[in-house]
Structures are given as structure tokens and as C-alpha cells.
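The values are calculated or read from the model by the stated rules, or taken from the named source; none is laboratory data. The shown structure was predicted, so the numbers you read here are calculated from the model rather than taken from an experiment. Neighbour counts are summed over all protein chains in view; Cβ atoms, including those assigned to glycine, are modelled from backbone coordinates with ideal geometry.
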Amino acid sequence: MQVQAQVLQVQTAVQADPAEVGRARRWARSRLTGCGFDLDASLADTLVLVVSELVTNAVVHTGSPAVLRLVFPVGEDACHRPVRVEVTDTSEAPPAQRVAPDEATGGRGLELVSVLTDRWGWFPDGSGKRVWCELVPEGTVALSGGARNCATSH
């Protein structure tokens, strides 16, 4: 019998407005704090950055609302499982990594996501797509039973 891993999922709607990117970052930071993942400052900062990049891509490239979802591992093996960020939008077009000119101020979002996360991808979802990325905790997180240093738990 296979046991299903325990996770905590939280999500929020993101309106089709570039100002929503800042709200999405603040929302993500507050959820990281509420779930104990803010103790690993590097993980929290990276997650907030990839939330910003993925939400920006969804809002700017589709011009329509999106859904931001964070999936946190819980339980004794949480240090061995990734935190997942998902953004669902209404475009069927696959995300495309671009090579931005050195002087460009944009066009590096998916490159950043690729470099900063353990893995990322996308799949069709209804009439749009879901872009996701995962990061495995490496620092200290607050899990059931108290804080745990994930770097020494592997």
C-alpha cells in the first residue's frame, strides 16, 4: 500500500493587473511565515522571487487573471520533499525561455526560475496552462514537533 505524502495547499486569485505582482509577493511571504518556512531566509527569498517571476509572466503575457498556489510539505519527511509554486493562467501557449540582450530590463524570468529552483515545468490545465517549480528546503524550517535544520536531515 502506498502512503500519500501530506501537503498543505494555499492559493489566491491574481487579477490581470501588473500591480497584483506585489500583492502576490506579500501574500506568498505571509504564507511562508504562517507555515514555518520563513526560518530559512534563503528559501523564503527564492520562493518569493520565483512567485514574482511566474505571476509577472502570467499577468503580462496573458492579460487575464491567474491563480497562484503554494504547496508545502508537512510531516516527518517534509525536509526531503519540495515546496512547490504553481501559477495557472488562461493561455495555452507554452512558456518559452528567451535569451535577453545584456541591456534588456526583462526577458529573464524563466531563466531565473530555471537557475534558482530544483526543477520546473508546465502542463496544460483546462483552457490554459499551469507553470510550476519546486525547491527542496536546505535550511531551518518550523515543522510539526519544532524547528528542524533540513540541511542536516538529508
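What the table below lists for this structure:
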{"item": "Residues satisfying the stated conditions in the range 25-70, i.e. free of Cβ contacts under 8 Å to residues at least 12 places away in the same chain and under 15 Å from the mean Cα position of the chain (by Cα)", "result": "R26, S30, T33, D38, D45"}
{"item": "Lone unmet requirement of (1) under 26 Å from G126 (Cα atoms); (2) hydrophobic (A, V, I, L, M, F, W, C); (3) surrounded by fewer than 16 Cβ atoms within 10 Å (Cβ to Cβ) for V55", "result": "(3)"}
{"item": "The one condition in (1) under 18 Å from C35 (Cα atoms); (2) assigned to a loop (DSSP other than H, G, I, E, B) that S91 fails to fulfil", "result": "(1)"}
{"item": "Those residues of the range 48-72 which are assigned to a strand (DSSP E or B) and out of contact with any helix residue (DSSP H, G or I) (no Cβ under 8 Å at 6 or more places or on another chain), in sequence order", "result": "V67, R69, V71"}
{"item": "Residue within the range 10-24 that is among the polar types (S, T, N, Q), within 23 Å of S91 (Cβ to Cβ), in a strand (DSSP E or B) and in contact (Cβ under 8 Å) with a residue 40 or more places away in the chain present", "result": "yes"}
{"item": "Checklist (1) under 17 Å from T117 (Cβ atoms); (2) in contact with a Gly (Cβ under 7 Å, 6 or more places away or on another chain) applied to L47, failing item", "result": "(2)"}
{"item": "Those residues of the range 75-120 which are of a type in the set (D, E, K, R), surrounded by 12 or more Cβ atoms within 10 Å (Cβ to Cβ) and at pLDDT below 75, in sequence order", "result": "E76, D77, R98, R108"}
